[in-house]
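Peer 1: Could you have a look at this structure, given as structure tokens, before my questions?
No value in this document is a laboratory result; all are computed from the given coordinates. Quick caveat: nothing in here was measured; it's all calculated off a predicted structure. Cβ: placed from backbone, ideal geometry, glycine included. Neighbour counts: every protein chain shown.
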Amino acid sequence: MIHLKPSEIVAELDKYIIGQDKAKRSMAIALRNRWRRQQVPDDLRDEIAPKNIILIGPTGVGKTEISRRLSRFTDSPFTKVEASKFTEVGYVGRDVESMVRDLVEVTVTKGKSEESERVQEKARQNAEERMLDLLLPRGGQPEANPGTAAPGPQEITALTVADKVSPTREKLRRMLRDGRLNDRYVDLDVADRSMPMVEIFSNIGMEEMGINFRDMLGGLLPKGTKRRKAKVAEAMKILTQEEAQSLIDMEKVVRLAIEKVEQSGIIFLDEIDKIAGRSSGQGPDVSREGVQRDLLPIVEGSTVTTKYGPVKTDHILFIASGAFHATKPSDLIPELQGRFPIRVELDSLGHEEFYRILTEPKNALLLQYLELLRTEGVEIVFDDDAVREIAKIAEEVNNNTENIGARRLHTILEYLLEDILFDAPDQAEKRIVITHEYVIKRLKGVKDDEDLSRYIL
């Protein structure tokens, strides 16, 4: 984990997210507390529980983005799940424990990728030796490969001298590195991955644990291979990948991944308001209160079985979010409420926030469109008045229809620039200025017609 001060965390978030200062402060404190916990004496460390957070606000105001950005620049394991997809254990649907397994799977995959990058050079060297073995079979002569690109006659003569195996190999090595052998075909044995992966479905929380029969039976089944023909360039990629896989210490990757999940994992639990509310008393409420009761032990701290081993959830940070239009946080069961001590209400976005979202962040929407059109050789320029009009229209449409926050800007800009994006490859005029008048002309009719606006914007 990167040891950032709360003020530094907020400063990083400010580069991408406009406003929502209260939420940023709360998230920064929660993240810093995780680092502080690592500094306290061992006997007290396990007693310090994470300060889980509920973010309350309409869609499109930055709830998910704040959490995702936090995880990225702190290198914390992160997964986003939707509470509305869960059902109580024993019923058809996703088990709540699956979110922990998802987090572990993501972290292991990332760790495996990082380890693969670390051993890439060694893997390339090993793959090169294997390729030379294929190109230079017994006797020290290059592999005959009629009908494919091959070294010239003089080179072949030099390479087929039986008493100069080592020089021949080095000659082939230079040719391989120079790319002169890329179009030759070789036969190579690759791992046979035809053995199916099976998903186990049961009511004990194991529904998503993929099991490979070959792995399960260990050495009882031989590792199968199949022979295939490929060009040298493609074969090198295959061999490098195989060598990288063999060099990776998976036990170490899994161990570090589980440790990382347990100590700095973040689970973003979206749409938690969808499972709020008491049972009607007309039967089991398997997708609401039932889910809450299943969530409780995981959030409190328990051990979840995964295919990589048991994972403790005691110190995973849970960030819940919801609009809470029809319900309120107090509609959650009291035990679950107590496990989310920090509650932050996010502000709705208005004209000024929309203007800043369009212009200020490092990944500002307008900048994205500028770069997209630049690939076609088209330069697009937005007048300041035009940008402010776009922000104003976004606010009005949100007020008159459904409030979807900053996502409204995406729909408006797509409609505004539709013709330009379509004609860009054949555009004679390579510099286009988006003026206030153009925005009015393009959007006013749709904006003023509420029914039309509801469907288009």
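Peer 1: For a quick check: with amide H placed at 1.01 Å from N, whose amide H comes under 5 Å from D347's, ignoring anything fewer than 5 positions away on the same chain?
Peer 2: Answer set, sorted by chain and number: Q20.
Peer 1: Give me the distance in nm between label points sitting 7 Å out from Cα along the Cα-to-Cβ direction at A233 and E371, one decimal.
Peer 2: Computed distance between label sites A233 and E371 equals 2.8 nm.
Peer 1: Taking the Cα-to-Cβ direction at R174 and at K362 and moving 7 Å from each Cα, how far apart do the two end points lie in nm?
Peer 2: A separation of 4.6 nm, rounded to one decimal place.
Peer 1: Under 19 Å from a point placed 7 Å out from the Cα of V433 along the Cα-to-Cβ direction: which residues of the range 376-410 have their backbone N that close?
Peer 2: Within reach of a label on V433: 378-390.
Peer 1: Given the pairs K15/K80; K237/K307; K328/K392; K63/K328; K24/K51, which are separated by over 19 angstrom at their Cα positions?
Peer 2: K15/K80; K237/K307; K328/K392
Peer 1: How would you order 64-70, 40-46 from highest to lowest mean count of nearby Cβ atoms within 10 Å?
Peer 2: 64-70, 40-46
Peer 1: For the range 308-341 and the range 353-417, what is the separation of their C-alpha centers, rounded to whole Å?
Peer 2: Computed from Cα coordinates, the inter-centre distance equals 34 Å.
Peer 1: Taking the mean number of other Cβ atoms within 10 Å as a proxy for protection, how do you rank 390-402, 10-22, 310-322 from highest to lowest?
Peer 2: My ranking of the peptides, most packed first, is 310-322, 390-402, 10-22.
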